[in-house]
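Right, one structure below, let's go through it.
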Amino acid sequence: MNWPVAADREGLAHAANLLRAGGVVAFPTETYYGLAVDPFNRRALDRLFAIKRRPRQLPILVLVSGREQLPQLTDALPMVYQHLIERFWPGPLTLVCPALPSLPMQLTGDTRTVGVRQSPHETAAALIAAFGGPVTATSANITGFPASISAREVARTFADEIDLIVDGGVTPGGCGSTLVGLDRDQLRCIREGKIAFAAVQEAAADFYQKR
């Protein structure tokens, strides 16, 4: 057992190397601890589903460093999303975008969409920078059970099933990111979380009024 490690340069470099090798790494975000794998590695995704006991039809959310990484996941970012990104990122707003056809089906849940956000958590951002690309950010829990808010809880939940825990302290918990999609050009709240959907709607209304 080679975890947890500190969220310093050495620990993050080790985590990034494990991700490149198909490993599973737990790390803190602005909501809960998440489980990171390389989102383009099908074997790593299969392992992630097995560890979480997660139904295969459920897609996996992805963290990016910012909009510059979005072309790796989608080539059809709705204009209103660009406005929401300027307003709410980095922050707990996950935007469901049309997925590139090349993305693994495990990542999209065969929905042809992918959920993305930019986390404001320093450790999450540093992990993405060390890895050099997007990472998955599904919550660190067995499906149906509460998500972990500390390295200790992650260790208690997964024992030796994951490869590393990056210990970034205790996370706020409470609720996850707000998950928003588009249905016939209308914003749809898939899951309300840290950001009130009413605030997202207000920001979108401001965008449409200025067009």
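Only one of [x] 13.0; [y] 10.7; [z] 15.0 was calculated from the structure for mean projected area of the Cα convex hull in nm², and its label is [y].
When you restrict to C-alpha pairs under 8 Å that are six or more residues apart and normalise by the size of the range 125-208, the relative contact order lands at 16 percent. Split the accessible area of the chain by element, probe 1.4 Å, and carbon with sulfur accounts for 50%.
Entry comment: accessible area of the range 58-144 is 39 Å² per residue, from protein heavy atoms only and a probe of 1.4 Å. Express in whole angstrom the spacing between the alpha-carbon centres of the range 58-82 and the range 121-178. Here the answer is 20 Å between Cα centres.
Remind me, relative contact order of the chain in percent, using alpha carbon pairs under 8 angstrom and six or more residues apart? Before the final figure, lay out each step's value.
Values: 436 pairs, mean separation 67.2, N = 211.
Reported as a whole number, the value is 32 percent.
For the range 60-160, what is the relative contact order in percent, using Cα pairs closer than 8 Å and at least 6 residues apart in sequence? Write out the running numbers ahead of the final one.
Details: 130 pairs, mean separation 36.7, N = 101.
Value for the range 60-160: 36 percent.
The calculated FRET efficiency for the pair A199 and A76, based on their C-beta separation and a Förster distance of 30 Å, comes to about 0.75.
Note on the chain: antiparallel DSSP beta bridges, both residues inside, total approximately 65 percent of the bridges counted. Between R67 and A6, what is the spin-label point distance in nm, taking each point 7 Å from the Cα along the Cα→C-beta axis? The modelled label-to-label distance comes out at 3.7 nm.
When you count the other C-beta atoms within 10 angstrom of each residue and take the mean per peptide, 22-29, 86-93, 60-67 line up highest first as 22-29, 60-67, 86-93.
Placing unit charges on C-beta atoms (Lys and Arg positive, Asp and Glu negative, everything else neutral), compute the dipole magnitude of the range 1-83 about its Cα centre in debye, rounded to 20. Intermediate values should be presented prior to the final figure.
Details: 10 positive and 7 negative charges, 93 e Å.
Computed charge dipole of the range 1-83: roughly 440 debye.
Which of these, R112, R20, R156, has the largest mean-square fluctuation under a Gaussian network model of the chain (Cα springs below 10 Å)? Checking each option, the largest mean-square fluctuation is seen for R156.
Given a Förster distance of 30 angstrom, what is the FRET efficiency for E161 paired with R188, based on the Cβ-Cβ distance and rounded to 0.05? Numbers along the way, then the final one.
Details: r = 34 Å, r/R0 = 1.14.
E(calc), rounded to 0.05, equals 0.30.
The values are calculated or read from the model by the stated rules, or taken from the named source; none is laboratory data. Note that the structure is predicted; figures quoted are calculated from it, not measured. Every residue, glycine as well, gets a Cβ built from its backbone with ideal geometry; the counts of neighbours run over all protein chains shown. Note: areas computed on protein heavy atoms with side chains; ligands, DNA, RNA excluded. Shrake-Rupley method; radii C 1.70, N 1.55, O 1.52, S 1.80 Å.
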